[in-house]
Amino acid sequence: MKEIRFHGRGGQGAVMASELLVHALVREGNYGQSIPAYGFERRGAPLQAFVKLDQKPIRERVQVYEPDGIIVLDESLISQLPVFEGMKQGGFAILNSRKTLALSDFPEVLETLATVDANRIALDVFKAPITNTILLGAFASATGLVKLDSLQNAISGFFPHKVIEKNLLAVERGYNEVEVKERTEILKKAK
């Protein structure tokens with residue numbers, strides 16, 4: 001089973017992104033769960049959402065404490081919260097960041113670092129900082145755990161008709177514009 005933890009702020013669409021990802025995974029014949037974790041949070045307050053995916057049914061419905069990877073919708077959360085806490089060895093991080101980041105700046109358990117300037121793309125596409133579908137595209141490109149066309153099909157069946165086209169463009173741009181760094185590739189080049 002793979003477990004993913006989303007970190008975002010209220011109103012950014014982290015919960016919606018986790019639901020969309022599960023819809024796409026199920027379209028591919030997998031099993032998935034989306035578990036939101038929020039209570040009294042208001043717009044802008046930090047929150048988490050969780051996704052579990054597997055080839056067989058998932059019975060346990062609990063939060064993810066030891067994720068295989070994280071998706072961070074808001075760059076400011078990286079310095080404010082322990083977003084890497086509990087991450088499994090060989091994990092991945094999909095980050096919304098306009099900065100050039102190095103794997104050496106992050107915990108050793110991280111194998112894959114994927115960054116995309118989702119805020120810039122969101123402002124181009126939506127004229128608002130809505131980054132969730134962009135980061136799903138980046139996730140698909142960086143991990144290969146879901147196909148881009150499965151995300152596109154899930155978006156087409158999930159969103160109201162008037163915003164489908166913009167979200168399809170957003171997920172495709174996230175897929176194409178993500179920068180991926182692998183620790184093993186860096187180590188091979190250093191030798």
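The values are calculated or read from the model by the stated rules, or taken from the named source; none is laboratory data. What you see is a predicted model; the values in this text were computed from it and never measured. We place every Cβ from the backbone using ideal geometry, glycine too, and count neighbours over all the protein chains shown. Just so you know, the surface numbers come from the protein's heavy atoms only, side chains and all, with ligands and any DNA or RNA stripped out. Shrake-Rupley method; radii C 1.70, N 1.55, O 1.52, S 1.80 Å.
Name the single residue that is farthest from residue 59 (Cα to Cα) among those in the stretch 1-46 being assigned to a strand (DSSP E or B) and free of Cβ contacts under 8 Å to residues at least 40 places away in the same chain.
46
How many residues are farther than 26 Å from residue 119 by Cα and open to solvent by less than 70 Å² (accessible area, probe 1.4 Å) when one looks only at the stretch 9-36?
The qualifying residues number 5.
Restricting to the stretch 103-139, name every residue that is of a type in the set (A, V, I, L, M), within 16 Å of residue 72 (Cβ to Cβ) and either outside any helix (DSSP H, G or I) or modelled with pLDDT under 95 (or both). Break it down into steps so the answer makes sense when it comes.
Of all residues in the stretch 103-139, those of a type in the set (A, V, I, L, M) come to 103, 109-110, 113-114, 116, 118, 121-123, 125, 128, 130, 134-136, 138.
Checking which are within 16 Å of residue 72 (Cβ to Cβ) leaves us with 103, 109-110, 113-114, 116, 118, 121-122, 130, 134-136, 138.
Those that are of a type in the set (A, V, I, L, M), within 16 Å of residue 72 (Cβ to Cβ) and either outside any helix (DSSP H, G or I) or modelled with pLDDT under 95 (or both): 103, 109, 110, 113, 114, 116, 130.
Of all residues in the stretch 75-86, which are outside any loop (DSSP other than H, G, I, E, B) and surrounded by fewer than 14 Cβ atoms within 10 Å (Cβ to Cβ)?
79, 80
For the stretch 37-49, indicate whether the set of residues that are under 18 Å from residue 137 (Cβ atoms) and open to solvent by less than 60 Å² (accessible area, probe 1.4 Å) is non-empty. Outline the logic, then answer.
Filtering the stretch 37-49 for residues under 18 Å from residue 137 (Cβ atoms) gives 49.
Going one step further and asking which of them are open to solvent by less than 60 Å² (accessible area, probe 1.4 Å), we end up with 49.
Checking the stretch 37-49: at least one residue is under 18 Å from residue 137 (Cβ atoms) and open to solvent by less than 60 Å² (accessible area, probe 1.4 Å).
Has the stretch 62-74 got any residue that is part of a helix (DSSP H, G or I), touching a residue at least 60 places away in the same chain (Cβ under 8 Å) and within 19 Å of residue 131 (Cβ to Cβ)?
Within the stretch 62-74, none of the residues are part of a helix (DSSP H, G or I), touching a residue at least 60 places away in the same chain (Cβ under 8 Å) and within 19 Å of residue 131 (Cβ to Cβ).
When the stretch 120-175 is examined, which residues are found to be open to solvent by 10 Å² or more (accessible area, probe 1.4 Å) and aliphatic (A, V, I, L, M)?
The answer is 123, 125, 128, 130, 142, 145, 148, 163, 164, 168, 169.
For residue 71, all conditions in the list (1) touching a Lys or Arg at 6+ places or on another chain (Cβ under 8 Å); (2) buried (at least 21 other Cβ atoms within 10 Å of the Cβ); (3) at pLDDT below 95 hold save one; what is the number of the exception?
All conditions pass for residue 71, except number (3).
Is it the case that the stretch 88-99 has a residue that's in a loop (DSSP other than H, G, I, E, B), closer than 20 Å to residue 141 by Cβ and open to solvent by less than 10 Å² (accessible area, probe 1.4 Å)? First the steps, then the outcome.
Quick first cut of the stretch 88-99, residues in a loop (DSSP other than H, G, I, E, B) only: 88-90, 97-99.
With closer than 20 Å to residue 141 by Cβ added as a condition, the list becomes 90, 97-99.
Those left that are additionally open to solvent by less than 10 Å² (accessible area, probe 1.4 Å): 97.
Scanning the stretch 88-99, I find at least one residue that is in a loop (DSSP other than H, G, I, E, B), closer than 20 Å to residue 141 by Cβ and open to solvent by less than 10 Å² (accessible area, probe 1.4 Å), so the answer is yes.
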